[in-house]
Amino acid sequence: MSAVAETRSDTGEIERLRAALGERSLVLVGMMGAGKSSVGRRLAMKLQMPFADADVEIEKAAGMTIPEIFASRGESDFRDGERRVIARLLAEGPKVLATGGGAYMSAETRERVGRMGLSVWLKADADVLMRRVRKRSNRPLLKNPDPEGTLRRLIDERYPVYAHSDITVLSRDVPHDVVVGEIIDALAQRFSLDGAAE
C-alpha cells in the first residue's frame with residue numbers, strides 16, 4: 001500500500017473512531033509515571049481532538065502547583081478540586097483527558113467518566129513506574145523515606161479500581177507512538193471497526 005493510500009485509510013479509521021466516540025471524551029487513567037500526559041498529547045493529535053491535562057488545569061484553577069496545594073491545603077482539599085476540575089473538563093465536550101493517578105479512585109469521578117467518556121488504563125509494572133518517577137521530584141505522595149514502598153502500596157490499592165476501565169493498554173519502555181497505536185487498535189476493536197468498509 002502506498003503511503004498516500006495508507007494515510008487515506010488511516011484518516012478514514014480516525015473519522016470512524018471519532019464518530020463512534022460521539023460526544024464522549026477519552027479519559028486516560030493510571031499511576032504517576034504511566035505516561036498519561038505524554039501519550040495523551042500524541043493520541044489527541046492522532047485523533048484530531050483537543051487535549052487537556054487535569055493536573056495542569058487544577059494548578060491553573062488554584063493558582064499554585066500541586067505540591068503547593070498538598071503542602072498548604074492537604075490531599076483531601078486537592079481531591080475536591082480535582083473532582084470539580086474533571087467534571088468541568090468532561091462537560092466542555094469531547095477531548096483526550098489525562099487524569100492524575102488518584103482521580104479515578106473517586107466513585108463520583110468514575111461514574112461521571114462512565115457517563116461522559118471512555119476510560120483507558122495505561123497499566124505499567126512497578127519497576128517501570130519507579131524508574132520514571134525517580135526522574136521528577138514533583139510527586140507529593142512519594143515525598144517520604146520509602147517512595148518505592150509507597151508506590152507499591154498505591155499499586156495494590158489502585159490497580160483493582162483501574163481494572164474497571166473500559167480499555168487497558170500496557171505502558172512500557174517503547175516509543176509513545178507504539179502505545180498510541182495500541183490504544184487506537186483497542187478502540188477500533190471495541191467499536192467493531194476492524195475490517196469496516198475502507
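Quick notes on this structure:
- The residues of the stretch 148-181 that are open to solvent by 40 Å² or more (accessible area, probe 1.4 Å), assigned to a helix (DSSP H, G or I), under 23 Å from SER106 (Cα atoms) and not acidic (Asp, Glu), listed by number, are ARG152, ARG153, PRO160.
- GLU57 being of a type in the set (Asp, Glu), modelled with pLDDT of 90 or more and open to solvent by less than 60 Å² (accessible area, probe 1.4 Å): yes
- Residue match in the stretch 22-35 (condition: open to solvent by less than 60 Å² (accessible area, probe 1.4 Å), in a helix (DSSP H, G or I) and in contact (Cβ under 8 Å) with a residue 40 or more places away in the chain): no
- Residue pairs whose Cβ atoms lie under 8 Å apart, sitting 6 or more positions apart in sequence or on different chains, and linking a residue in the stretch 148-164 that is on the phi > 0 side of the Ramachandran plot to a partner that is surrounded by 14 or more Cβ atoms within 10 Å (Cβ to Cβ), do not occur here.
- Filtered residue count, the stretch 107-147, keeping only those that are at pLDDT 95 or above and open to solvent by 20 Å² or more (accessible area, probe 1.4 Å): 9
- Apart from one condition, MET45 fits all of (1) under 28 Å from ASP185 (Cα atoms); (2) crowded, with 18+ Cβ neighbours inside 10 Å; the exception is (2).
- Flag for ARG18 being open to solvent by 70 Å² or more (accessible area, probe 1.4 Å), modelled with pLDDT under 95 and either within 25 Å of ARG112 (Cα to Cα) or not charged (D, E, K, R) (or both): yes
Okay, residues lined up against (1) within 23 Å of ALA20 (Cβ to Cβ); (2) at pLDDT below 90:
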position: ARG83; (1), (2): no, no
position: TYR104; (1), (2): yes, no
position: ILE167; (1), (2): yes, no
position: ASP173; (1), (2): no, yes
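- Any hit, the stretch 67-81, residues being under 23 Å from ARG115 (Cα atoms) and open to solvent by 20 Å² or more (accessible area, probe 1.4 Å): yes
- Taking the stretch 49-143 and the helices (runs of 4 or more DSSP H) fully enclosed by it, the elements with 1 or more residues that are without any contact (Cβ under 8 Å) to a residue 24 or more places away in the chain and among the aromatic types (Phe, Trp, Tyr) are at 75-91.
The values are calculated or read from the model by the stated rules, or taken from the named source; none is laboratory data. Being a predicted model, the structure only gives us computed values, none of them experimental. No Cβ is skipped: glycine too gets one built from the backbone with ideal geometry, and neighbour counts run over all protein chains shown. Just the protein is used for accessible areas: all its heavy atoms, side chains included, with ligands, DNA and RNA removed. Shrake-Rupley method; radii C 1.70, N 1.55, O 1.52, S 1.80 Å.
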